[in-house]
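See below for the structure under consideration.
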Amino acid sequence: LVMWMWGKFRPQKLRCVPGASLGVGLAAATSLMLALQVKRVEVPENLADAIDWLRPSDLLNLADPNLLIAAFAVAFIASAETLLSAAAVDRMHNGHRSDFDKELSAQGVGNMLCGLVGALPMTGVIVRSSANVQAGATTRLSAMFHGLWLLAFVLLLSSVLQSIPVASLAGVLVYTGIKLVDLKAFRGLGRYGRMPMFTYAATALAIIFTDLLTGVLVGFGLTLVKLAWKASRLKVSLIDLPQDGEMELRLIGAATFLKVPALTQVLATVPAGSTVHVPLNNLSYVDHSCLELLEEWGRANAAKGSKLVIEARGLKRRLEGRIRTTTRIGSAPSVG
């Protein structure tokens, strides 16, 4: 309630104060004043005692099928969450774009180190990442400082952390989760067709009524079925046109989200200030992931003088959704 009211009525001069910090602080102060017997955050007196080094005998547990299933579930969910967070953060700014291979490689190395000391698995999280972007962060130092602040609080202000009720942190998660449910975004999926909306709804309902892993697997399975139906072969080539500064991104086959990394690599080679024509008449199918990638690239590079012209003629029955026309992205008339 405090977070909601602060977001609605906070003074302009205090916009830098996060509603979550205010809500948790008031909850902690109230619980201490009323001497409420509630579960609070636990912080070890000696941080070294919390480290549980990997022992040779622990490696024998790798033969336990239940452990392997749990490890696969954590790896799958954490990797999917990291990639989705990175893609979402890229849409929030016009700066350096994420390198998905580097993101997963860093996560793998980090999780191996976490396993050595008995720490929880690490993953990219959209809440912290979006908070960094909204605060004006422009480099990866923001994520590094996030870890340093956590370490500083644990080492220097452990008594403050131990006064925080766990229920107040749960309230922050519930409120944040509710705000992440964007009904406008769900309705916006309609421009890509009914299948993305069905996949979104099925995934959300499966998560609510079962668990996160089952929900993600349901959405992943539906996407695989769709891909098997539509096929996923795509040939990508960048061709110089006779006109100076004009290029053509030639796509032949089916453009699905599996080809987003390949498209990203090719678009990264386009010189600044170029006009890139993207005829879609050679495609048998193109999904919303590829369309959004092209549109986002055009918006992100408009400041460099680049222009993207999407030519959707002849693809009326194979285009998933409608192409958004902006002031810096040329396109053929919208089709559906």
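The values are calculated or read from the model by the stated rules, or taken from the named source; none is laboratory data. The shown structure was predicted, so the numbers you read here are calculated from the model rather than taken from an experiment. With ideal geometry, Cβ positions are generated from the backbone for all residues, glycine too; neighbour counts draw on all protein chains shown. Heads up: the accessible areas ignore ligands, DNA and RNA and are worked out on the full protein's heavy atoms, side chains in. Shrake-Rupley method; radii C 1.70, N 1.55, O 1.52, S 1.80 Å.
Find how much the distance from GLN162 to ALA73 grows on full extension, using 0.36 nm per residue of separation minus their present alpha carbon separation; answer in nm with one decimal.
Working: separation 89, 0.36 × 89 = 32.04 nm, distance 3.10 nm.
Between GLN162 and ALA73, full extension yields 28.9 nm more.
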Tell me, what % of the accessible area of the stretch 1-122 is carbon and sulfur with a 1.4 angstrom probe? 67
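Compare the peptides 78-88, 117-127 by average per-residue count of other Cβ atoms within 10 angstrom and give them in order, highest first.
Values: 78-88: 17.7, 117-127: 14.6.
Averaged packing, sorted descending, gives the order 78-88, 117-127.
Within the chain, which DSSP H helices have Cα atoms that stretch 18 Å or more along the helix axis and a mean Kyte-Doolittle hydropathy of at least 1.0? Spell out each step's value before the answer.
Numbers: long enough: 19-33 (21 Å, 1.41); 65-90 (38 Å, 1.54); 100-117 (26 Å, 0.49); 141-156 (21 Å, 2.05); 166-180 (21 Å, 1.64); 194-209 (22 Å, 1.29); 212-230 (27 Å, 1.51).
Membrane-span-like by this rule: 19-33, 65-90, 141-156, 166-180, 194-209, 212-230.
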Here the gain from full extension of ASN66 to HIS93, 0.36 nm per residue of separation minus their alpha-carbon distance, amounts to 5.6 nm
Please enumerate, by chain and number, the lysines with C-alpha under 19 Å from the C-alpha of LYS230, excluding those fewer than 8 residues away in the same chain. LYS259, LYS316
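Divide by every residue of the chain the summed helix terms, -39500 (n - 2.57) for each DSSP H run of at least 4, and state the resulting mean residue ellipticity at 222 nm, rounded to the nearest 500 deg cm²/dmol.
Details: 13 runs with 173 residues, N = 336.
Rounded to the nearest 500, the figure is -16500 deg cm²/dmol.
Please give the FRET efficiency for LEU183 paired with ALA152, using the beta carbon to beta carbon distance and R0 = 30 Å, rounded to the nearest 0.05. Provide the component values of the computation, followed by the final result.
On the way: r = 39 Å, r/R0 = 1.29.
E(calc), rounded to 0.05, equals 0.20.
How much of the accessible area of the stretch 226-276, in percent, comes from carbon and sulfur atoms when a 1.4 Å probe is used? The partial results should precede the final answer.
Working: 1630 of 2940 Å².
Within the stretch 226-276, the accessible surface is 56 percent carbon and sulfur.
Applying a 10 Å radius around every beta-carbon, put 23-29, 222-228, 240-246 in order of their mean neighbour count, most first. Intermediate values should be presented prior to the final figure.
Details: 23-29: 17.3, 222-228: 14.7, 240-246: 10.7.
Output ranking for 23-29, 222-228, 240-246: 23-29, 222-228, 240-246.
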With point charges of +1 on the Cβ of Lys and Arg and -1 on the Cβ of Asp and Glu, referenced to the Cα centre of the chain, which listed residue (LEU217, LEU60, VAL43) lies farthest in the positive direction of the dipole? LEU217
What accessible surface, in Å², does a 1.4 Å probe find on VAL266, ignoring ligands, DNA and RNA and rounding to the nearest 10? 30
Point-to-point label distance, LYS235-LEU59, nm (Cα→Cβ direction, 7 Å offset): 4.9
Determine which aspartates and glutamates satisfy two conditions relative to LYS179: a Cα distance under 18 Å, and not lying fewer than 8 residues away in the same chain. GLU81
Under a 1.4 Å probe, what is the accessible area of the stretch 38-118 per residue, stated in Å²? 70
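Peptides 11-18, 35-42, 269-276: what's the order by average Cβ count within 10 Å, highest mean first?
Numbers: 11-18: 9.1, 35-42: 11.0, 269-276: 14.8.
Those peptides, ordered most packed to least, come out 269-276, 35-42, 11-18.
For the stretch 98-176, which chymotrypsin sites (Phe, Trp or Tyr not before Pro) pass both filters: DSSP loop (anything but H, G, I, E, B) and at most 10 other C-beta atoms within 10 Å? Can you show the working numbers first?
Working: sites: PHE100, PHE145, TRP149, PHE153, TYR175; in loops: none.
Within the stretch 98-176, no chymotrypsin sites (Phe, Trp or Tyr not before Pro) qualify (loop, at most 10 other Cβ atoms within 10 Å).
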At the level of C-alpha centres, the distance separating the stretch 12-53 and the stretch 154-206, in angstrom, is 20
Chymotrypsin sites (Phe, Trp or Tyr not before Pro) within the stretch 7-81: DSSP coil, no more than 14 neighbouring Cβ in 10 Å: TRP53
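Within the chain, what percent of beta bridges assigned by DSSP are antiparallel, to the nearest 5?
35
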Expected output is a single nm value to one decimal: the length gained when fully extending between VAL38 and LEU83, i.e. 0.36 nm times separation in residues minus the C-alpha distance. What is it? 12.5 nm
Quick check: Cα centre of the stretch 111-141 to Cα centre of the stretch 59-88, how many Å? 16
To the nearest 10 square angstrom, how much accessible area does LEU155 have with a 1.4 angstrom probe? 100
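Mean shadow of the chain, computed from the convex hull of its alpha carbons, in nm²?
On the way: hull surface 88.1 nm².
Mean orientational projected area (the chain, Cα hull): 22.0 nm².
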Cα gyration tensor of the stretch 93-184, axes a ≥ b ≥ c as square roots of the eigenvalues: rounded (a/c below 1.5), prolate (a/b > b/c) or oblate? oblate
